[in-house]
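Structure record follows, encoded as structure tokens.
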Amino acid sequence: MSRLEIQSLTLSIAEKLLCKDLSFTIEANECWGLLGKNGAGKTSLIHCIAGLREFDTGEIKLNDRNVAEYSRAELAREIGILFQDGLETLPATVLETVMLGRHPHVQSLFKDSNDDFEITHNALRDFSLTELCHRHLDSLSGGEKQRVAIAMLSAQSPNIFLLDEPSNHLDIAFQVNVLKVLNSTLNKRNASMLMATHDINLASRFCDKFILLFEHGEFLCGDKKEVLNQSNLSRAYDCDIQAIETDKQTLFFPI
Amino acid sequence: MIGTRHYLLIGILLVFSCFSILFSLLSGSVELSITVVFSELFNPGSELENQVLREIRIPRTLSAFTTGGLLAISGVVMQVLLRNPLADPYILGISGGAAVGALSAILLGAGGILLTNAAFAGAIFSIILVFGIANKFGRWSVTRLLLTGVVVSAGWGAVINILLTTSSTNNVQSMLFWLMGDLSQSQVHVGHYALLSTGLVGGLILARSLNVLSRGELVAQGLGVNINRLRLILYFAASVFTATAVTVAGSVGFVGLVIPHTLRLLGARDHRVLLPCSILLGGSFLVIADSLARSLIAPQQLPVGVVTAVIGVPTFIFILRRTISK
């Protein structure tokens, strides 16, 4: 259970302003969606929050303590990230890779603990990887690799999950399935997540709060109802977007 | 992850190392019997054979083992640091710098300790030069380091060619031997063993971080590794290992590139296993290659670098094909 507070964050990259004075707080058990067009700054924002990129002004606090004051190892026990770039492949098997997710928690230099094995095997099972566990990473399909990366994050068991394009390479069934599993993990542990994605409908199904990035550092931030509507989305993506109501959820599509 | 098969692999390599050392002690232009070797161990004698063993064979065998071990762990570290399977200990120009130092010494008629010092100075100069250029604008990325290293290497290559083409025939012979790797002049002492041991212990302490870094720098940071510190340690450690190995034996090729890959193909992907195995296999591989180098066309000697390639290439291709067909 953790609380992540972003206070008047201003972030620019190569002279381009991505967001100005952005403030929001991710409380325990919240799911946030992060939307915006290509190059709007979704990935940069996620990297900032994880302490991997410097920002211009503002503060990021985890449990009332500045993120910069945490050591990398401490931070890795609190915040876990799914990166957009795949796992670089010097040879390794699926099992070995997912097991690396336990790195921030390992106690011994040499011995792998039974707990770590158990957590790893649960993560493999959760993302339907048990049968692939002895396969080499370079023999996997894109979607399988993405599931390995997600399973590794799940084995890391952070309190805050930062997901950069979690549905990348996943087929339509796994897109939903993977997020369902992650969601139930979050609920079990009172963890929270922030997910950057291009799939508005997927995000709207799993997230309650949204940050929508516009150009020139402007943004909208708040409950799903306030942020996700035709006019906001059309403005953010610079493209006509229409909504249709279904009995399950409102769907958005471009015209 | 470490399993039974990894302990088995380490066991086999330990036995293999002992055999390679015995093989080396028995080969050369003077025939020695196993009895002499074992009796010398427990009860040093003063016959000619004992002297050959004590003063020539044993030091040379230990030099070969130490050099091979240093090159192999340096290769492992470079491959993880650069996350490039083509990386070897020489890719960042260290051997080039050492070669220019050594060749200049030969040109000036220096030998022995002066030559080794010149080679070491050249290597250190090259390490600092590459790091200085790659680091000039604050941040250094691996791509930048790799490019700088390759460019500096090419520069050294040009200087080496100038030295070779402008030297007298006599000098060129010894220069070529140095360039191909040659253990006949080599001397290792307690400092070298200490360095290899430090490499092993330090490597084992960092092994888990190396496993994580193999998956990429961002992933490693996300999993709590301070990669700025780790990269610095890895760069300078691998550089010093290489500089030392090159100073002892010249640019022996192939060991640093192929030993780590061979072991990975044999299943030693976890650095907790890969590092100790690399020292054992790298060491014994070079010991065997050197034994053949001095016995194949005895009393003439071949440069050991030629032998490492001649045995290494087919062996590696064999292992590669077998593991792919599985």
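The values are calculated or read from the model by the stated rules, or taken from the named source; none is laboratory data. This is a predicted model, so every value here is computed, not measured. When we count neighbours, we look across all protein chains shown, and the Cβ atoms used for this are built from the backbone with ideal geometry, even at glycine.
Do we find that A:VAL94 is touching a residue at least 24 places away in the same chain (Cβ under 8 Å), buried (at least 22 other Cβ atoms within 10 Å of the Cβ), more than 8 Å from chain B (Cβ to nearest Cβ) and farther than 19 Å from A:ASN159 by Cα in this structure?
On the way: touching a residue at least 24 places away in the same chain (Cβ under 8 Å): yes; buried (at least 22 other Cβ atoms within 10 Å of the Cβ): yes; more than 8 Å from chain B (Cβ to nearest Cβ): yes; farther than 19 Å from A:ASN159 by Cα: yes.
Yes: the conditions hold for A:VAL94.
So which residues in the range A:52-76 are under 23 Å from A:GLY217 (Cβ atoms) and at the interface with chain B (Cβ under 8 Å from one of its Cβ atoms), if there are any at all?
A:LEU52
Would the range A:77-85 turn up any residue that is within 13 Å of chain B (Cβ to nearest Cβ), surrounded by fewer than 17 Cβ atoms within 10 Å (Cβ to Cβ), among the acidic types (Asp, Glu) and free of Cβ contacts under 8 Å to residues at least 12 places away in the same chain?
Yes.
Do any residues in the range B:216-235 that are surrounded by fewer than 24 Cβ atoms within 10 Å (Cβ to Cβ) have Cβ atoms under 7 Å from those of residues that are modelled with pLDDT of 95 or more and assigned to a loop (DSSP other than H, G, I, E, B), where the two are at least six apart or on different chains, and which pairs are they?
B:LEU218/A:PHE83
So is A:LEU182 in a loop (DSSP other than H, G, I, E, B), free of Cβ contacts under 8 Å to residues at least 40 places away in the same chain and closer than 24 Å to A:LEU132 by Cβ or not? Step through it out loud before you land on a result.
Numbers: in a loop (DSSP other than H, G, I, E, B): no; free of Cβ contacts under 8 Å to residues at least 40 places away in the same chain: yes; closer than 24 Å to A:LEU132 by Cβ: yes.
Considered against the rule, which asks whether it is in a loop (DSSP other than H, G, I, E, B), free of Cβ contacts under 8 Å to residues at least 40 places away in the same chain and closer than 24 Å to A:LEU132 by Cβ, A:LEU182 comes out as no.
Go through the range B:94-113 and give me each residue that's farther than 14 Å from B:VAL159 by Cα, assigned to a helix (DSSP H, G or I) and not hydrophobic (A, V, I, L, M, F, W, C).
If the condition is that a residue be farther than 14 Å from B:VAL159 by Cα, assigned to a helix (DSSP H, G or I) and not hydrophobic (A, V, I, L, M, F, W, C), then B:GLY112 is the only one that fits.
Hey, among the residues in the range A:140-159 that are in a loop (DSSP other than H, G, I, E, B) and at negative phi, which one's farthest from the other protein chains (Cβ to nearest Cβ)? Even if it seems obvious, please write down each step before you answer.
From the range A:140-159, those in a loop (DSSP other than H, G, I, E, B) are A:140-141, A:157-159; that's our starting set.
Restricting the remaining residues to those that are at negative phi gives A:140-141, A:158-159.
Details: A:LEU140: 14, A:SER141: 18, A:PRO158: 9, A:ASN159: 14 Å.
Selected residue: A:SER141.
Report, by residue number, each residue of the range A:99-109 that is in a helix (DSSP H, G or I), within 7 Å of another protein chain (Cβ to nearest Cβ) and out of contact with any Leu (no Cβ under 8 Å at 6 or more places or on another chain).
Within the range A:99-109, the first condition is being in a helix (DSSP H, G or I), and the residues that meet it are A:99-100, A:103-105.
With within 7 Å of another protein chain (Cβ to nearest Cβ) added as a condition, the list becomes A:99-100, A:103-104.
Residue satisfying the conditions is A:MET99 alone.
Working only within the range B:186-232, note down all residues that are among the hydroxyl-bearing types (Ser, Thr, Tyr) and either in contact with a helix residue (DSSP H, G or I) (Cβ under 6 Å, 6 or more places away or on another chain) or within 14 Å of chain A (Cβ to nearest Cβ) (or both).
B:SER186, B:SER209, B:SER214
For the range A:57-98, name all the residues that are among the small types (Gly, Ala, Ser), within 20 Å of the chain's Cα centre (by Cα) and in a strand (DSSP E or B).
Matches in the range A:57-98: A:GLY80 only.
Kindly indicate which of B:THR262, B:THR315, B:THR308 is surrounded by 24 or more Cβ atoms within 10 Å (Cβ to Cβ) and either among the polar types (S, T, N, Q) or free of Cβ contacts under 8 Å to residues at least 60 places away in the same chain (or both). Full working, then the answer.
Details: B:THR262 fails: surrounded by 24 or more Cβ atoms within 10 Å (Cβ to Cβ); B:THR315 fails: surrounded by 24 or more Cβ atoms within 10 Å (Cβ to Cβ).
From the options B:THR262, B:THR315, B:THR308, the qualifying one is B:THR308.
Quick check on my filter: what residues within the range B:87-139 are more than 26 Å from B:ASN228 (Cα to Cα), at pLDDT below 90 and among the small types (Gly, Ala, Ser)?
Within the range B:87-139, B:GLY109, B:ALA110, B:GLY111, B:GLY112 qualify.
Given the criteria surrounded by 16 or more Cβ atoms within 10 Å (Cβ to Cβ), among the aliphatic types (A, V, I, L, M) and either in contact with a strand residue (DSSP E or B) (Cβ under 9 Å, 6 or more places away or on another chain) or in contact (Cβ under 8 Å) with a residue 12 or more places away in the chain (or both), does A:LEU34 qualify?
On the way: surrounded by 16 or more Cβ atoms within 10 Å (Cβ to Cβ): yes; among the aliphatic types (A, V, I, L, M): yes; either in contact with a strand residue (DSSP E or B) (Cβ under 9 Å, 6 or more places away or on another chain) or in contact (Cβ under 8 Å) with a residue 12 or more places away in the chain (or both): yes.
For A:LEU34, the condition - surrounded by 16 or more Cβ atoms within 10 Å (Cβ to Cβ), among the aliphatic types (A, V, I, L, M) and either in contact with a strand residue (DSSP E or B) (Cβ under 9 Å, 6 or more places away or on another chain) or in contact (Cβ under 8 Å) with a residue 12 or more places away in the chain (or both) - is met.
If I filter the range B:173-185 for residues that are in a loop (DSSP other than H, G, I, E, B), more than 10 Å from chain A (Cβ to nearest Cβ), surrounded by 23 or more Cβ atoms within 10 Å (Cβ to Cβ) and small (Gly, Ala, Ser), do I get at least one hit?
Step one: of the range B:173-185, the residues in a loop (DSSP other than H, G, I, E, B) are B:181-185.
From what is left, the residues that are more than 10 Å from chain A (Cβ to nearest Cβ) are B:181-185.
Restricting the remaining residues to those that are surrounded by 23 or more Cβ atoms within 10 Å (Cβ to Cβ) gives B:181-183.
Pick out the ones that are also small (Gly, Ala, Ser) and you get B:181.
Taking every residue of the range B:173-185 in turn, at least one turns out to be in a loop (DSSP other than H, G, I, E, B), more than 10 Å from chain A (Cβ to nearest Cβ), surrounded by 23 or more Cβ atoms within 10 Å (Cβ to Cβ) and small (Gly, Ala, Ser).
Regarding the range B:204-220, can at least one residue be identified that is over 28 Å from A:PRO104 (Cα atoms) and modelled with pLDDT of 90 or more?
No.
For the range A:190-216, give me each residue that is assigned to a helix (DSSP H, G or I) and free of Cβ contacts under 8 Å to residues at least 60 places away in the same chain. Show your work before the answer.
Taking the range A:190-216 as the starting set, the residues that turn out to be assigned to a helix (DSSP H, G or I) are A:200-206, A:215-216.
Answer for the range A:190-216, where residues must be assigned to a helix (DSSP H, G or I) and free of Cβ contacts under 8 Å to residues at least 60 places away in the same chain: A:ASN201, A:LEU202, A:ARG205.
Please note which helices (runs of 4 or more DSSP H) are completely contained in the range B:4-78 and include at least 1 residues that are aromatic (Phe, Trp, Tyr). Before the answer, list the steps.
Details: elements: B:4-26, B:34-42, B:48-51.
Counting at least 1 such residues, we get B:4-26, B:34-42.
In this structure, is A:GLU54 over 21 Å from A:THR197 (Cβ atoms), surrounded by fewer than 20 Cβ atoms within 10 Å (Cβ to Cβ) and of a type in the set (Asp, Glu)?
Details: over 21 Å from A:THR197 (Cβ atoms): yes; surrounded by fewer than 20 Cβ atoms within 10 Å (Cβ to Cβ): yes; of a type in the set (Asp, Glu): yes.
Yes: the conditions hold for A:GLU54.
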